[in-house]
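The structure under discussion appears below in the form of structure tokens.
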Amino acid sequence: MIFQALGARYGFGAAVKHAFARGTEADSEKLRQALVKRYGGEAVLYQKGRAALAAAVRLATNGQGGKVAISGLTCYSVVQAVEAADCTPVFVDIRESDLQFGAKELEAAIKKHADIKAVVVQNMLGIPADIAAIQKLADKTGIVIIEDLAHSAGAQYADGREVGTVGDITMLSFGRDKAIDSVNGGALVVRNHKNPLAFPVIMPSSSWQFRDHIYPLIAWLTRVLYPVKLGRYVMGASIKAGLVVRSADGEVDETLCLPHWQAKLAHEQVTSLTTAAVRRRQKAQEYQALLKYLLPNGMGQVGEAPVRVPLVVDNRDEVVSHLGTRGVQVNDIWYDVPVSPQRFYDRVHYPVGECPNAVRIAAKLVNLPTHGRISNADIEYISKLVREVARV
Ligand SMILES: Cc1ncc(COP(=O)(O)O)c(C=O)c1O
């Protein structure tokens, strides 16, 4: 079977390596140095990306609260992070061409909310945002740019600059299925700060770390048992027993640091980020060749590093189920409601009328996998199944 999520990038060997990974303070230092070399400034490691994002928002707003522009199509943890920094999110509608806002949409939001202090540039699914125009607008209005690389680490903007090297502040997530994946983790990179940065010093509990160690093995078992209908029970029972915490369920805790062994795993991936980005782009190009009319803006363009390839279809449920019954699990969708997951959507008071594109597109999105264990033959098979049922 082919999986998009559920730890799909980990084969059995990688899951065992992850379970027994060890690290020392030197590994955390190596990761920090690698981030500084790549992005400049100073780097701080966190237990989760959302804590790094909250710290980023706090810095961008000088700890005084205020409004922060974020994508109208995003995940709940971004909202959580903004709120944890005592700020209010302003959802900016997206455009269909690249599933994120450009300068025009941001400018409209600024006209409406003149007091926006910062903007989170999400680089949706690894598609680089239109940064040059956004930067021009930010310079004109004094808004601070926070580059969010959760999906896009390793990608480049259209003008050749690497994502994460443009704004004053960059954040990364090393969470499950992200561009860099050590099951949990995050980093803040600050290039321009007046006051010394705060470094979290508390290690996550040993039970938390145990959970992070064994997640790829539980996910592997879930995938192996999926075809005989037992996989769901393995994952369900693991969640019930507290052995797995769903990724959206985590809190924002800026006091927790990244365990050294996870820093070691993240560092390995930072080292090979450019190669991994090129591979993802090549996979997107394969999908593009086979599914052109279903993709937003010609995927696989120079600079992209799609962590998933988005399809926009009228009959999402049918497509997901057609693929599911033929051995391709794509039911984990970023993002099937404007602020995902669905179970937290009601908490958000989403301005449906202000973001009509995000609302419409969220109902039509399907994501296709580009991780390291997807072959060209897989892409051909997936694309054939999509073509059999997809309607636009
Ligand atoms: C765009 C984006 N930014 C930030 C985050 C937060 O990352 P983390 O899950 O590591 O807290 C996520 C994922 O949850 C995300 O999708």
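Computed from the coordinates by the stated procedures, all read-outs in this text should not be read as laboratory data. Just so it is clear, the structure is predicted and the values come from calculations on it, not from any experiment. Reconstructed Cβ throughout: ideal geometry from the backbone, glycine too, with neighbour counts over all protein chains shown.
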statement: Under Stokes-Einstein, segment 273-389 at 20 °C and 1.002 mPa s, with its Kirkwood radius over C-alpha pairs, diffuses with a coefficient in µm²/s of 143 µm²/s
field: Cα-Cα pairs of the chain separated by more than 31 Å (percent)
entry: 32 percent
- line: Extension length gain for GLN282 and ARG343 (0.36 nm per residue less Cα distance), in nm, is 18.5 nm
query: In nm, to one decimal, how far is the modelled label at ASP249 from the one at ASP314, with both set 7 Å along Cα→Cβ?
result: 3.9 nm
query: Computed FRET efficiency, Cβ-Cβ of GLU83 and PHE199, R0 22 Å: what is it to the nearest 0.05?
result: 0.45
- prompt: Using +1 on the beta carbon of Lys and Arg, -1 on that of Asp and Glu, and nothing else charged, what's the dipole of the chain about the Cα centre, debye to 20?
  reply: 680 debye
query: Between their Cα atoms, which of LYS104/LYS292; LYS104/LYS364; LYS178/LYS240; LYS30/LYS136; LYS37/LYS136; LYS37/LYS194 are more than 28 Å away from each other?
result: LYS30/LYS136
query: Counting other Cβ atoms within 10 Å, which GluC sites (Glu not before Pro) in segment 54-160 have at most 15 and lie in a DSSP loop?
result: GLU96
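For the chain, what is the mean residue ellipticity at 222 nm derived from helices alone (per DSSP H run of n ≥ 4: -39500 (n - 2.57); sum divided by total residues; nearest 500 deg cm²/dmol)? Please report the intermediate quantities before stating the final value.
Values: 14 runs with 160 residues, N = 392.
Taken over the chain, the calculation gives -12500 deg cm²/dmol.
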Most positive-pole-ward Cα, TYR233, GLN269, PRO259, against dipole of segment 204-275 from beta carbon charges: TYR233
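Ratio of alpha-carbon Rg to the 2.2 N^0.38 Å globular estimate for segment 1-86, to two decimals, please.
Working: Rg = 17.1 Å, N = 86, 2.2 N^0.38 = 12.0 Å.
Segment 1-86 yields a ratio of 1.43.
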query: Name the residues of segment 150-185 whose amide N is less than 15 Å from a point 7 angstrom out from the Cα of ALA133 along the C-beta direction?
result: 158-159
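By average Cβ neighbour count within 10 Å, what is the ranking of 50-57, 349-356, 87-94 from highest down?
On the way: 50-57: 30.1, 349-356: 14.2, 87-94: 23.1.
Top of the packing list down: 50-57, 87-94, 349-356.
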- line: With +1 on the Cβ of every Lys and Arg and -1 on the Cβ of every Asp and Glu, the dipole magnitude of segment 273-389 about its Cα centre, in debye rounded to the nearest 20, is 300 debye
query: Among 118-128, 22-32, how do they line up from the highest to the lowest mean number of other beta-carbon atoms within 10 Å?
result: 118-128, 22-32
- prompt: What is the Cα convex hull volume of segment 22-190 when expressed per residue in Å³?
  reply: 102 Å³
